[in-house]
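Heads up, the thing below is written out as structure tokens.
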Amino acid sequence: QTQSIPTDEVVVGDLLVFSEGERLAADGLVVQQHDLSVDESVLTGESMPVEKKTGEGRVFQGTLVAGGQGLAEVTQIGNQTAFGKLGK
């Protein structure tokens with residue numbers, strides 16, 4: 001069952017469901033996607049969205065879903081995320 005929870009309640013192992021226009025709440029491994037592309041410019045400075053593939057694509061906290069939709073298993077939260085490490 002899909003439910004919406006606050007970002008600070010997301011834990012490792014949760015499944016994130018996301019679609020175009022949403023900002024990601026945690027780092028994770030893409031387990032399902034449909035035409036998924038993510039704007040990672042906040043982390044990399046790269047202005048073009050990056051296509052993500054099932055099983056090999058990773059998504060990162062703070063990035064923006066530029067197109068499509070997906071499902072990712074949370075692997076890192078908070079200061080352990082790529083974005084959180086930049087803050088350190």
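The values are calculated or read from the model by the stated rules, or taken from the named source; none is laboratory data. Everything numeric in this text was worked out from a predicted model, so none of it was measured. Here the Cβ positions follow ideal geometry from the backbone for every residue, glycine too, while neighbour counts run over all protein chains shown. Heavy atoms of the whole protein, side chains included, go into the accessibility calculation; ligands, DNA and RNA do not. Shrake-Rupley method; radii C 1.70, N 1.55, O 1.52, S 1.80 Å.
Taken over the stretch 18-43, the residue count meeting the criterion of being assigned to a loop (DSSP other than H, G, I, E, B) and either more than 12 Å from the chain's Cα centre (by Cα) or farther than 17 Å from Gln76 by Cβ (or both) is 3.
When you check Gly87 against the structure, is it of a type outside the set (Val, Ile, Thr) and open to solvent by 50 Å² or more (accessible area, probe 1.4 Å), yes or no?
Answer is yes for this residue.
Scanning the stretch 1-53 for residues that are open to solvent by less than 60 Å² (accessible area, probe 1.4 Å), free of Cβ contacts under 8 Å to residues at least 24 places away in the same chain and among the β-branched types (Val, Ile, Thr) yields one hit, Val50. Name every residue in the stretch 44-88 that is under 12 Å from the mean Cα position of the chain (by Cα) and not in a strand (DSSP E or B), in order of residue number. Selection gives Lys52, Gly57, Phe60, Gln61, Gly62, Thr63, Ile77, Thr81, Ala82, Phe83.
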